[in-house]
Amino acid sequence: MISHLKLKTIRTLNEHISIEIDQNGFEFIILKHKKFDAAFSLYGAHLVHFQAKNAAPLIYLSKTAIYDSKKAIRGGVPICWPWFGNTEKSKQNGLASHGFARTSEWTLSTINITDLGIDIEFLLEASQQTKAIWPHDFNLTLKASLTDHIELTLVTENTGDTPFNYSGALHTYLHIADHRQCTVTGLAANYTDSLQNNQAKKSQQVLNIDRPIDSIYEKSDGAIVVNDDAYKRTIAVSNEGNDSVVVWNPWIEGAKAFADMPDDGYQTMLCIESAITADPGYSLKPGDSHALKTIIK
Ligand code: TA6
């Protein structure tokens, strides 16, 4: 599991679910199933671990991630919502990059355990705190369906009486064995390079992880395949409800600059994100809802 966290069990709900804490009391929901092990934090409704039986972990979690309920956990699948990155507004108002969902305390709404796997849902509702940052009424639900693979669906519901636009991403950190023996195929032909002034570029058929990468690809029709050769596996990422796919690796300098990522962290991770990044975001009328989904197998 996430042994480096040295977790202690404080509550066992049944053979499949327990609540464990780290040495500072930060809580994790630990899920054990015959098909997989997984872990979430209620903070951010953040999937921090997923490992199918007899397989390597699918999700990267930084060994130096900070669990202080102030900053986003480095790794796992951070929920970037209701904006992606830094917007003019977020910058003007000194708001955090990638919105507030990943740094909010969610509530656990349902858990359903079957022979096939575990379905678990988390809810974040609009509050005075959220409305002080983003003046809209909403329900935000993360639905996770865990079997021998991961399905995450983020459902945004406009519960107010005025329309709003939102952007964001399921910011998946995939765990790979070795960036030098890993390539990505299935990305769209066109992308913008966030490291070169959002310059429009044509993608190669095969992406190598041999430099800093921060690219926003058009959405792919089919699955994006990460050829994780050193683990002798492929990871297929399929997305729905997205308008783009963000691919990110901080590389050597980026990893060194992060206090919450080991200097060599860039070698065993790659972000492939189901994202809504196009201006003005996805528009939701009162009473409407929209689902952003990623399937990782
Ligand atoms: O998804 C790519 C990105 O927007 C990068 O620009 C980088 O900022 C990354 O997200 C991580 O952001 P964070 O706020 O989690 O450090």
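The values are calculated or read from the model by the stated rules, or taken from the named source; none is laboratory data. Note that this is a predicted model, so its numbers are computed, not measured. Please note: Cβ atoms are built from the backbone with ideal geometry, for glycine as well, and neighbour counts cover all protein chains shown. Ligands, DNA and RNA are excluded from the accessible area calculation, which covers all protein heavy atoms including side chains. Shrake-Rupley method; radii C 1.70, N 1.55, O 1.52, S 1.80 Å.
Computed with a 1.4 Å probe on the full set of protein chains, the accessible area for T87 sits at about 40 Å². Considering only alpha-carbon pairs that sit under 8 angstrom and 6 or more positions apart, the relative contact order computed for the chain is 16 percent. Ranking of E15, E27, E105, E157 by solvent-accessible surface, largest first: E15, E105, E27, E157 (1.4 Å probe, protein heavy atoms only, all chains present). Split the accessible area of the chain by element, probe 1.4 Å, and carbon with sulfur accounts for 48%. For S127, S41, the ranking by accessible surface with the largest value first comes to S127, S41, using a 1.4 Å probe. Among the listed pairs K35/K293; K70/K297; K89/K293; K34/K256; K6/K131, which are separated by more than 28 Å between their Cα atoms? Going by Cα-Cα distance, K70/K297; K34/K256; K6/K131 fall outside the 28 Å limit. For the set L284, L116, the ranking by accessible area, highest first and with no ligand, DNA or RNA atoms included, is L116, L284 under a 1.4 Å probe.
I'd like the trypsin sites (Lys or Arg not before Pro) in the range 70-177 restricted to DSSP loop residues with at most 15 other Cβ atoms within 10 Å, sorted by number. Loop-located and lightly packed - K70, K71. For the range 64-296, the solvent-accessible area with a 1.4 angstrom probe is 45 square angstrom per residue.
The charge dipole of the range 64-296, taken about its Cα centre with unit charges on the Cβ of Lys, Arg, Asp and Glu (plus for the first two, minus for the last two), comes to roughly 480 debye.
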